[in-house]
């Protein structure tokens, strides 16, 4: 027999399957106290995980609870590891992978929205085109003078990114984004 066709019995030649990174939205319910955000974010930076979006706000004033919404990209194994490590931090009450929870309800993603303020400078035809496109995207003009506009736009991340890309050739000056706020559909809360 040909020795090259025989299995070697060595584990060194087994190809390792690499899972593709997936974008997930995590919702973390924490005590609203100093240092909690630093501890949660320190978990990500200390292990080299990237954060695509981060939003934090107090959501239950009477109970002094805040909600941290984190959008990150990682393999399913790393996402599971992140969730378990977050659950071990003392002021963390609950961690929900909203992307997985949305899939359980038969949806692709949770309800995700972002707010952006977009400053566009221009005159003449570029100015008219910026206003026309802003109307198509349902962006509100919140500040204007003869040299620029500031638009307020709310929607899915893809909508915000598309609007920004369209405004670049028309005189995009500056963008400020809030980060993703997310909830799942259905009657249950987090």
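Inspect all residues belonging to the range 136-151 and state whether any of them is in a helix (DSSP H, G or I), more than 30 Å from residue 74 (Cβ to Cβ) and either over 23 Å from the mean Cα position of the chain (by Cα) or not assigned by TED's automatic domain parsing to the domain that holds residue 85 (or both). Checked against the condition, which is being in a helix (DSSP H, G or I), more than 30 Å from residue 74 (Cβ to Cβ) and either over 23 Å from the mean Cα position of the chain (by Cα) or not assigned by TED's automatic domain parsing to the domain that holds residue 85 (or both), the range 136-151 yields at least one hit. Looking at this structure, is residue 115 outside any helix (DSSP H, G or I), without any contact (Cβ under 8 Å) to a residue 60 or more places away in the chain and within 27 Å of residue 185 (Cβ to Cβ)? In short, no.
Taking the criterion of being modelled with pLDDT of 90 or more, crowded, with 17+ Cβ neighbours inside 10 Å and part of a loop (DSSP other than H, G, I, E, B), the only residue of the range 1-60 that qualifies is 32. Taking the criterion of being surrounded by fewer than 16 Cβ atoms within 10 Å (Cβ to Cβ) and either touching a helix residue (DSSP H, G or I) at 6+ places or on another chain (Cβ under 9 Å) or assigned to a helix (DSSP H, G or I) (or both), the residues of the range 92-106 that qualify are 94, 103, 104. Among the residues of the range 22-40, none is identified as without any contact (Cβ under 8 Å) to a residue 60 or more places away in the chain and either outside the structural domain of residue 88 (by TED's automatic domain parsing) or under 14 Å from the mean Cα position of the chain (by Cα) (or both).
Of all residues in the range 118-134, those satisfying the criterion of being part of a helix (DSSP H, G or I) and exposed (fewer than 12 other Cβ atoms within 10 Å of the Cβ) are 125, 132.
Among the residues of the range 64-89, which ones are in a loop (DSSP other than H, G, I, E, B) and either surrounded by 12 or more Cβ atoms within 10 Å (Cβ to Cβ) or in contact with a strand residue (DSSP E or B) (Cβ under 9 Å, 6 or more places away or on another chain) (or both)? Answer for the range 64-89, where residues must be in a loop (DSSP other than H, G, I, E, B) and either surrounded by 12 or more Cβ atoms within 10 Å (Cβ to Cβ) or in contact with a strand residue (DSSP E or B) (Cβ under 9 Å, 6 or more places away or on another chain) (or both): 64, 75, 89.
The values are calculated or read from the model by the stated rules, or taken from the named source; none is laboratory data. In this text, all values refer to a predicted model and were calculated from it rather than measured experimentally. Because the Cβ atoms are built from the backbone with ideal geometry, glycine has one as well, and the counts that use them run over all protein chains shown.
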